[in-house]
1. Name the residue, out of Ala16, Ala28, that is in contact with a Lys or Arg (Cβ under 8 Å, 6 or more places away or on another chain) and farther than 29 Å from Gly148 by Cα.
2. Show the residue pairs meeting these rules: Cβ distance below 7 Å; 6+ apart or different chains; first residue within segment 94-123 and on the phi > 0 side of the Ramachandran plot and among the small types (Gly, Ala, Ser); second residue at pLDDT below 95 and part of a loop (DSSP other than H, G, I, E, B).
3. Would a scan of segment 60-82 turn up a residue that is surrounded by 14 or more Cβ atoms within 10 Å (Cβ to Cβ), free of Cβ contacts under 8 Å to residues at least 24 places away in the same chain and out of contact with any strand residue (DSSP E or B) (no Cβ under 9 Å at 6 or more places or on another chain)?
4. Among the numbered criteria (1) in a helix (DSSP H, G or I); (2) surrounded by 15 or more Cβ atoms within 10 Å (Cβ to Cβ); (3) at pLDDT below 95; (4) not charged (D, E, K, R), which single criterion is violated by Ile108?
5. Can you find, within segment 31-52, the residue that is nearest to Gly169 (Cα to Cα) among those that are over 15 Å from the mean Cα position of the chain (by Cα) and part of a loop (DSSP other than H, G, I, E, B)?
6. Looking at segment 119-218, what strands (runs of 3 or more DSSP E) fall wholly within it and have at least 1 residues that are more than 20 Å from Gly104 (Cα to Cα), touching a Ser or Thr at 6+ places or on another chain (Cβ under 7 Å) and at pLDDT 75 or above?
7. Taking the condition away from the ligand (no atom under 16 Å from the Cβ) and at pLDDT 95 or above, does Ser5 pass?
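The values are calculated or read from the model by the stated rules, or taken from the named source; none is laboratory data. Model, not experiment: these values are computed from the prediction. Here the Cβ positions follow ideal geometry from the backbone for every residue, glycine too, while neighbour counts run over all protein chains shown.
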Amino acid sequence: MRWNSLLDVVFPPQCAACNAIGSGLCRACTPPAEPITVRIPGLTVRAPGRYTGGVRAAILAVKDGRRDVAERLGRIVAPLIARGSLLIPVPTSALRRRVRGIDGVALIARAAAIVAGAAVETPLYLRRDDAQRGRSRPERLAARGRFGCVAEAVAGARVVLFDDVCTTGATLRDCAAALRTAGAVVDDAIVAAVALPEAGGSDAATKCGGPWTPLPAP
Ligand SMILES: [Zn+2]
């Protein structure tokens with residue numbers, strides 16, 4: 001018996017929204033897929049749906065350290081990922097990683113990549129986490145914004161940014177800038193959910209208003 005399976009017996013996965021035993025997000029709480037595409041400057045962002053209901057509960061649960069829920073979210077977002085893609089997760093702050101012990105966005109990305117036949121690299125880092133000493137010149141240049149990028153991992157590669165929620169799109173834009181400075185090509189981002197202003201809820205209402213345009217689903 002694999003260690004994960006053993007853990008599942010002792011701590012069975014539980015729905016993040018209704019607490020039913022069996023899965024990180026049960027079928028009843030999983031909204032039907034309604035893919036959304038939004039355009040922000042320099043990036044096309046796609047999501048399996050909006051930041052509401054069960055998906056919102058699931059994303060918050062992953063932020064609280066729920067690995068079983070990350071796996072379920074990965075399965076929900078996987079159909080949007082082309083086989084062979086190279087996914088780059090937006091880095092979780094060092095503080096949150098220390099408090100929760102996991103990088104939730106990277107966990108969702110890895111779960112999705114396994115299902116979709118994609119790869120994951122984690123070259124991005126938050127600049128304040130980083131000591132500049134000992135880094136190469138391209139890396140120092142790439143670190144001038146809020147995010148830095150380890151150039152060797154992505155130079156010349158076409159990559160797809162990955163995050164849990166897109167609100168204003170500012171984080172995705174900053175990460176794309178760091179990737180481009182490091183020599184990567186990035187036109188696309190995939191997120192687990194998009195917080196649209198009209199979707200309601202305090203998160204959407206307070207964080208939205210970014211310069212993006214919802215597009216009809218492809
Ligand atoms: Zn449920």
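1. Working: Ala28 fails: in contact with a Lys or Arg (Cβ under 8 Å, 6 or more places away or on another chain).
The unique qualifying residue is Ala16.
2. Here the result reads Gly101/Gly65, each pair linking segment 94-123 to a residue that is at pLDDT below 95 and part of a loop (DSSP other than H, G, I, E, B).
3. Within segment 60-82, not a single residue is surrounded by 14 or more Cβ atoms within 10 Å (Cβ to Cβ), free of Cβ contacts under 8 Å to residues at least 24 places away in the same chain and out of contact with any strand residue (DSSP E or B) (no Cβ under 9 Å at 6 or more places or on another chain).
4. Evaluating Ile108 over (1) in a helix (DSSP H, G or I); (2) surrounded by 15 or more Cβ atoms within 10 Å (Cβ to Cβ); (3) at pLDDT below 95; (4) not charged (D, E, K, R) leaves (3) as the failure.
5. Pro41
6. 185-194
7. Criteria not met by Ser5.
One line per residue, one yes/no per condition, for (1) outside any helix (DSSP H, G or I); (2) at pLDDT 90 or above:
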site: Cys29; (1), (2): yes, yes
site: Val77; (1), (2): no, yes
site: Gly84; (1), (2): yes, yes
site: Thr92; (1), (2): yes, no
site: Arg96; (1), (2): no, no
